[in-house]
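The values are calculated or read from the model by the stated rules, or taken from the named source; none is laboratory data. Given the structure is predicted, the values throughout are model-derived calculations rather than measurements. Neighbour counts are summed over all protein chains in view; Cβ atoms, including those assigned to glycine, are modelled from backbone coordinates with ideal geometry.
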């Protein structure tokens, strides 16, 4: 396919920019290791240490100005508000003046001063390393507890029309439960050796303060004592690296030290990672401009746009310092969680019933079997296997009946199955309340009926996830989960190639032809539907154990949409799908969702935004996928 | 091959079409008896619900006739109306003025939204029902974004409507302080008996006139006359009249509802109405006849959305409080289920079906919770039963519709073979 001249020109420009960014970023990163950069940074640090040491002096000036201004205001008869404003203003002005006056002095140093800083720095570094090691050991001993159950996001929904809203407690939102666990250090006690190490730092700090007072006699020992902690922190704080030291120094005004091209250079060194992220983004942009037509032809416009959006999110995540390993862990987990559910759509599409929006029917079979397992207080692998086997057994007759229904409504399966699914979910809402479950862990305290959400820790929570879990580069890989997903895909793949599978696909892609070949199309549709229902039952069990919670009642309602859009984004249509589409689609969908929420949270720090973003992003993707389905779907 | 016009077959066909309606009727009667609630309480509740919901249910008719199925995206029209009401409250407008201003603001907003909805639905022909459903969810997210973040931070609002100590609009907005509650209803209220007499009078007089001038068939005249007379007689039975003692009819609201019915009927007689019907019956044929199918569908949705917005204003002013984040959520579902209960199908709906459906649906709604408590000892079960009814009705209606058109197609192809 021809590439237009304008495309080539613009793409070349973008590539040039990319190369510049790449060079700058690379140079920046490498310079961090060089001696000359270290020297400059040391100079800047000395400056910021001096600035920290002078804080008490500046504060003193400020206080004097404050007192003077107060007297003046009293004498001039200001009102209380006027006086307060005036006093604050004068104090701020005085502090600024003082800082300006003292600033040139910050650059002063002496050999003794420099040595003192270096010595203190070494001691601090050792201390912080030891502290970090002990903290990590402490956390490892604590073990992997269940993530603290977050307060349900304040549901803005109040019951409509009196008491018509659900009377149940608000369900725990997915993002709350899956938020990366912030290391909880409560109860951490430093060892005796560590405390001794901390004490040993004191003489070095004193030595530094002594050197400072030699250079600046105006700083009295009392003042310096007040500034002690800030001075120590200015030398080295916990978790320091190039970026933090640089930022601290610039905040103190250290860039006035640098002359010529140095400020720009240091800035470049500091922003090195961001420059590399931008280079990556520019690369993607250039490539997509260049190969726009080919890519759209190969993967369709919606997937192309989503891929671009995905890359944009990666760049933004990098710029906002969102931890990449944590995000990759999150995405891997979501891939496994939703993968099997998306896989359930596959046999449905292949057998010709288009998207099986009645997936809640299969999901509820899985939920029911799990609840039965919990009722009998089963735990561990036994519970998991029991739940899956019983779930499959219960899903088969239900799927069969559902398949019979679908055979009567050929052509409108999608719309009808949505509402059949919804009705089934509501029916089971009644059932969950009335079925004779007695286990106090499962039922409401006050009455009968199952609870809304059930905690999976202790029975099957995390079983597959943690099986053979390993860490690489900070990414925690849920091996068992991904293995199970791979296994399920393999089974489907083999089934596709078996005789029954081939017949089913034939019936789905061209019913008339299949019928002529002697294939019972209706029978094949029922097989596809039953298979889809069964996989959905297994899928919800996998989902619940990974998520850590099982949500009954209205929980299953939205699952059909999520699975459908996942497979559609992967490149499937309502009449044609492969296993590859399932994996790719789930990855893209969940990737965009997970990253989008985190980036949105980082960009705009307002609580409650993540829930709204989740609604917008997931439903937006579903809508997009549906417009594609509608176009190619049967009328 | 034409069906023979024998009365027996007609009754069978009638039953098949209206099976959901009759099931609901029987269920309602059973539940009324089981719930043990006093009749006058039930009737009072039913009347309030009718007042609130009739307008919205009627707004669903035009898209159905245009073949776009149940327009669940009327939720978005409701949202537009709520933005209007928010602004009216924010500007401290009172009474009828406030309502009128809200209605005025709703028009451009709902039209714009309707345009977007329609454009999107045009891209998913054949999947409109699901499409409008998801669109409703998506719009709900955008609405929350608007009300929680944009309104607090970017567009400043007065303290009357914002959450104290945080950004965003309050959960509940009280309409009584601005006398917005009952602004339309309260204009004139008459007792049910008065209303009954007036309405029966109008119907009888009108029927007689039309029959005399030969514009109404004798069958229709006798059915209408008979029914009206029956209602009057039943009303005067000893146990019926006191049940209606508490029931008052807000005149203006019902006049508005009546106007909408006339509008629905009237627009069908215009050229646009013909286009609606043509597109609804067969898009391809309509296209060949030179009708701009996409444009017609767009107009249908825009009309429906604006009407739903006004309907939501009526709803809220009757209720008296605006639950900012949840009032609009179930609008599409309840209205859709209601019209289907009345016997409408995915491509056929009339005013009468909408009214009967609304009546039956909400009757069951009122008594389901109590019946649930009595039968299962658990009020929550009644709660869920209501939701189940909603979805169940829609599912059954959809299944029946597809099943029937399937059998019809099979018959046609069998005949042609």
Tell me which helices (runs of 4 or more DSSP H) are completely within region A:188-288 and hold 2 or more residues being touching a strand residue (DSSP E or B) at 6+ places or on another chain (Cβ under 6 Å) and either under 23 Å from residue A:22 (Cα atoms) or without any contact (Cβ under 8 Å) to a residue 40 or more places away in the chain (or both), or say none if there are none.
none
Hey, residue A:385 hits all of (1) over 17 Å from residue A:559 (Cβ atoms); (2) in contact with a helix residue (DSSP H, G or I) (Cβ under 9 Å, 6 or more places away or on another chain) but one; which does it fall short on?
(2)
Can you spot a residue in region A:67-83 that is in a helix (DSSP H, G or I), surrounded by 14 or more Cβ atoms within 10 Å (Cβ to Cβ) and in contact (Cβ under 8 Å) with a residue 24 or more places away in the chain?
no
Can you tell me how many residues within region A:442-455 are within 27 Å of residue A:358 (Cβ to Cβ) and either within 12 Å of chain B (Cβ to nearest Cβ) or at pLDDT 85 or above (or both)?
6
Restricting to region B:366-375, count the residues that are facing another protein chain (nearest Cβ under 9 Å) and surrounded by fewer than 17 Cβ atoms within 10 Å (Cβ to Cβ).
0
Determine which member of the set A:555, A:539, A:570 is farther than 14 Å from residue B:134 by Cβ, more than 12 Å from chain B (Cβ to nearest Cβ) and surrounded by fewer than 23 Cβ atoms within 10 Å (Cβ to Cβ).
A:555
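Results for (1) surrounded by 20 or more Cβ atoms within 10 Å (Cβ to Cβ); (2) farther than 30 Å from residue A:279 by Cβ, shown as yes or no for each residue.
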{"residue": "A:307", "(1), (2)": "no, no"}
{"residue": "A:320", "(1), (2)": "no, no"}
{"residue": "A:345", "(1), (2)": "yes, yes"}
{"residue": "A:351", "(1), (2)": "yes, yes"}
{"residue": "A:357", "(1), (2)": "yes, yes"}
{"residue": "A:369", "(1), (2)": "yes, yes"}
{"residue": "A:373", "(1), (2)": "yes, yes"}
{"residue": "A:376", "(1), (2)": "no, yes"}
What's the number of the condition residue B:352 fails, among (1) farther than 26 Å from residue B:118 by Cβ; (2) modelled with pLDDT of 80 or more; (3) within 14 Å of another protein chain (Cβ to nearest Cβ)?
(3)
Just need a number here: residues in region A:425-441 that are buried (at least 16 other Cβ atoms within 10 Å of the Cβ) and more than 12 Å from every other protein chain (Cβ to nearest Cβ).
1
Residues that are without any contact (Cβ under 8 Å) to a residue 40 or more places away in the chain and either surrounded by 12 or more Cβ atoms within 10 Å (Cβ to Cβ) or assigned to a loop (DSSP other than H, G, I, E, B) (or both), drawn from region B:260-272
B:263, B:270, B:272
Residues being at the interface with chain B (Cβ under 7 Å from one of its Cβ atoms) and assigned to a helix (DSSP H, G or I): count how many of those fall in region A:410-424.
8
Does residue B:122 satisfy the condition of being under 30 Å from residue B:63 (Cα atoms) and within 11 Å of another protein chain (Cβ to nearest Cβ)?
yes
The residue from A:36, A:12 that alone is over 35 Å from the mean Cα position of the chain (by Cα) and either assigned to a helix (DSSP H, G or I) or closer than 30 Å to residue A:210 by Cα (or both) is A:36
Could you check, for region B:383-405, whether at least one of its residues is buried (at least 22 other Cβ atoms within 10 Å of the Cβ), out of contact with any strand residue (DSSP E or B) (no Cβ under 7 Å at 6 or more places or on another chain) and more than 9 Å from every other protein chain (Cβ to nearest Cβ)?
no
Could we say that residue B:139 is more than 7 Å from chain A (Cβ to nearest Cβ), within 22 Å of the chain's Cα centre (by Cα) and over 22 Å from residue A:612 (Cα atoms) here?
no
For region B:214-236, which residues satisfy the criterion of being surrounded by 12 or more Cβ atoms within 10 Å (Cβ to Cβ) and closer than 18 Å to residue B:352 by Cα?
B:216, B:220, B:221, B:222, B:223, B:224, B:225, B:227, B:228, B:231
When you go through (1) over 30 Å from residue B:294 (Cα atoms); (2) within 14 Å of chain A (Cβ to nearest Cβ); (3) surrounded by fewer than 19 Cβ atoms within 10 Å (Cβ to Cβ) one by one for residue B:188, which number turns out not to apply?
(2)
Kindly provide the set of residues from region A:618-635 that are farther than 14 Å from residue A:589 by Cβ and either more than 9 Å from chain B (Cβ to nearest Cβ) or modelled with pLDDT of 70 or more (or both), ordered by number.
A:627, A:632
Does residue B:327 satisfy being under 20 Å from the mean Cα position of the chain (by Cα), modelled with pLDDT under 90 and within 13 Å of another protein chain (Cβ to nearest Cβ)?
yes
What is the residue count in region B:116-134 for residues that are touching a helix residue (DSSP H, G or I) at 6+ places or on another chain (Cβ under 6 Å) and either modelled with pLDDT of 85 or more or assigned to a helix (DSSP H, G or I) (or both)?
10
Would a scan of region A:594-617 turn up a residue that is more than 23 Å from the chain's Cα centre (by Cα) and buried (at least 20 other Cβ atoms within 10 Å of the Cβ)?
no
Which residue out of B:146, B:196 is more than 9 Å from chain A (Cβ to nearest Cβ), more than 30 Å from residue B:50 (Cβ to Cβ) and in contact with a helix residue (DSSP H, G or I) (Cβ under 9 Å, 6 or more places away or on another chain)?
B:146
